[in-house]
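Single-structure report; data block below.
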Amino acid sequence: MPAHPIASYTKSARLFVLYQCLPRSEADAVSLTELMQNYGDDPDNYTNERKNLENDLIGLNQIFNDIFYSNALIRVPAWGQNISGKTARFYIETSFSIDIINEQTVFFWEMLDKYTANYLPVSFKQGITDKLTQIRRQDKENFHQSPLGQWQDHLITLPSIVQAPQLDSDVFGSIHQALLQNRQLQIRYQNKWEGQPTQRVVYPKGLIFIDNMIYLTGFNPVDDHMDDNKLLEEHRNFAVNRITEAVVIDEPIPDWVGRDIFTLDSLQNLGKLECGKNIEINLVLKVQKYACQHLYERPLSIDQKITIIDDNWNQVSATVANTTRLQDWLVSMSQLSVVIEPLELKAVILERLESGMQLYNND
């Protein structure tokens, strides 16, 4: 709050203080009478100060329109509508800010806009797009002339072969709230192998982004236990797009969920955040020479080694997690690689390839 009544400042200072004082959501919108509590305290000059407050709000709205190209100062009823007999209320649009805009900021929002396109619900994505439109307008000419601004016409993001699933904004919002407030979450979850969704309570831990899928990771409700391995047995991952409903429960998550062993980094190292056995294996592949080129550029692990077998084949060895994604990649390599070790994985890949061949042979 200002140290002195807002009416005692110069006009430019009044507008700036008003910007700071106005609420940032429609639910918290305030009336002129409520604003007057901080604006003026001279009972003998109340009428004039209230009129000045109205003019200051109009002036602030005009500045937002002229400089920021934004209708950020919201009046309910809307500006221009007759408010006779109604109480007008005011607030600043939630996503608006007058942060310093430079080429790095615009470039960041450009990249965020491109690379979150396949992940976020439409309403979240629209918020990013609106922010980008706003900051483009503020300094469009200078940005286009900047080194980073000149990149934007040379960048494009192509969608995945399999498109991202539709996400429910309400579900996503509830997950967000539960994670930030450390609260339990009641969800209705549609398993792929069940006809109807089932209701359950989970202790949410975080979100996992894999390709264009998002998973909620957490734990089934269970009492604390001395053996962390017993608690790890209750760990689960849920595809967010299969959560049909999510409600935050006003109950805190138990303290044991916050132990060091249950951090996201620890769960990843333990192989809990992906499908499959998630155990480290020493993978040995025989890879066709030219297909092996991309493994020089994008190795399977930091300890990957490639040795030349002959003019047509190389051998690749690497320590990797035996996940479903690894198996999918090995199947996609089909005629370009052969699993040498471990034999158990070789058998899995062979069975999947033979199953695929049977489908084509039976067609």
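Please calculate how many Å² of accessible area the chain carries per residue, with a 1.4 Å probe and no DNA, RNA or ligand atoms counted.
I get 62 Å² per residue for the chain.
Just flag the GluC sites (Glu not before Pro) in region 219-297 sitting in loop per DSSP whose Cβ has no more than 13 other Cβ atoms within 10 Å.
Taking region 219-297 and a limit of 13 other Cβ atoms within 10 Å, the loop GluC sites (Glu not before Pro) found are 233.
Please compute the length gained on full extension between residue 34 and residue 334, using 0.36 nm multiplied by the number of residues separating them and subtracting their Cα-Cα distance.
101.0 nm
For the chain, what does the helix formula give at 222 nm: sum of -39500 (n - 2.57) over DSSP H segments with n ≥ 4, over the residue count, nearest 500 deg cm²/dmol?
-11500 deg cm²/dmol
If N is the number of residues in region 165-239, what value comes out of its Cα radius of gyration divided by 2.2 N^0.38 Å?
The reported ratio for this selection is 1.15.
Between residue 133 and residue 311, 0.36 nm times their residue separation minus their Cα-Cα distance comes to what?
58.7 nm
Give the angle, between 0 and 90 degrees and rounded to the nearest 10, that separates the Cα long axis of helix 46-67 from the longest principal axis of the Cα atoms of the chain.
On a 0 to 90 degree scale, this one is about 40.
If 287, 30 are ordered by their accessible area, calculated over protein heavy atoms with a 1.4 Å probe, which sequence runs from highest to lowest?
30, 287
Write down the Å³ per residue value for the convex hull defined by the alpha carbon atoms of region 283-343.
Residue-normalised Cα hull volume stands at 79 Å³.
Using a 1.4 angstrom probe and counting only protein chains, how large is the accessible area of residue 203 in Å², to 10?
Here the accessible area works out near 20 Å².
Give me the three principal axis extents of region 314-363 from the C-alpha atoms, as integers in angstrom, largest value leading.
The principal-axis extents, from largest down, are 38, 23, 17 Å.
Among the listed pairs 305/346; 51/86; 11/86; 230/346, give every one whose C-alpha distance is greater than 23 Å.
11/86; 230/346
Mind listing the long-range amide H neighbours of residue 206? Cut-off is under 5 Å, sequence gap 5 or more, other chains count too, H placed in the peptide plane at 1.01 Å from N.
Amide H neighbours of residue 206, under 5 Å, 5+ apart: 217.
Over all distinct alpha-carbon pairs, what is the Kirkwood Rh of region 204-363 in angstrom?
So the Kirkwood estimate lands at 18.5 Å.
For 222, 284, write out the residues from largest to smallest accessible area, computed with a 1.4 angstrom probe and no ligands counted.
222, 284
Given the alpha-carbon gyration tensor of the chain, what are the semi-axes of its equivalent ellipsoid in whole angstrom, ordered largest first, with each equal to the square root of 5 times an eigenvalue?
55, 28, 19
Quick one: with all protein chains in place, what share of the accessible area of the chain is carbon or sulfur, to the nearest percent (1.4 Å probe)?
Looking at the chain in its full context, I get 51 percent from C and S.
The values are calculated or read from the model by the stated rules, or taken from the named source; none is laboratory data. Nothing here was measured: the structure is a model prediction, and the numbers come from that model. FYI the Cβ positions are ideal-geometry reconstructions off the backbone, even for glycines, and counts take in every protein chain you see. Side chains included, ligands, DNA and RNA excluded: accessible areas come from the protein's heavy atoms. Shrake-Rupley method; radii C 1.70, N 1.55, O 1.52, S 1.80 Å.
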